[in-house]
Structures are given as C-alpha cells and as structure tokens.
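Here is the structure we will look at.
The values are calculated or read from the model by the stated rules, or taken from the named source; none is laboratory data. These numbers come from a predicted model, not from an experiment. Quick reminder, even Gly has a Cβ in these numbers, built from the backbone with ideal geometry, and neighbours come from all protein chains shown.
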C-alpha cells in the first residue's frame, strides 16, 4: 500500500498568557480517510468534529487537495499533495 503524508497546520489553544497560534503536524495515509484516522489517533475527538457517525463529511468542513475541493473520503493522496482543511465560522 502506498503511504502518503499530510503536513497540516493546526490551531493550538492558548494557555495562560502564552499562545502559539499555529503548529505543523505530519500525518500518514494513502487516502483522505486514512489521514483523518491518523489525525484522530494523535488528537482524540478531532476526526469526529469533521466526520459524522455515518462516515460522512460534516457540512461545515471543507477538504481541499491541491486547491480542489474533495467530497470523498476515499480520495487517494500522493506524497506531494497539499491537504487543506477549512472549517466554516459563524457567530455574532
């Protein structure tokens, strides 16, 4: 099985007065689903915030591979692909 990697920039929570807003993480998998499974393993609960109980993408989350929106978790990933995960924000 081909193994791809995704380098993601994640928002880190601020603690006390020190805040490191972004950090990079490396995740492994041959498909978008595999990358998200690895992400959920390292950060429990994060996958569930993006993927529902029926293994569907939640409506407020968008996945882009090399600038193109992806709608299928079985999307294959190549080692050089760029994966961007965007969450819609709302509020007042």
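This table checks each residue for (1) farther than 18 Å from residue 88 by Cα; (2) modelled with pLDDT under 70.
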position: 2; (1), (2): yes, yes
position: 5; (1), (2): yes, yes
position: 34; (1), (2): yes, no
position: 39; (1), (2): yes, no
position: 43; (1), (2): yes, no
position: 50; (1), (2): no, no
position: 67; (1), (2): no, no
position: 75; (1), (2): yes, no
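Would you check which residues across segment 37-84 are in a strand (DSSP E or B), in contact with a helix residue (DSSP H, G or I) (Cβ under 7 Å, 6 or more places away or on another chain) and under 16 Å from residue 27 (Cα atoms) and list them?
The answer is 63, 83.
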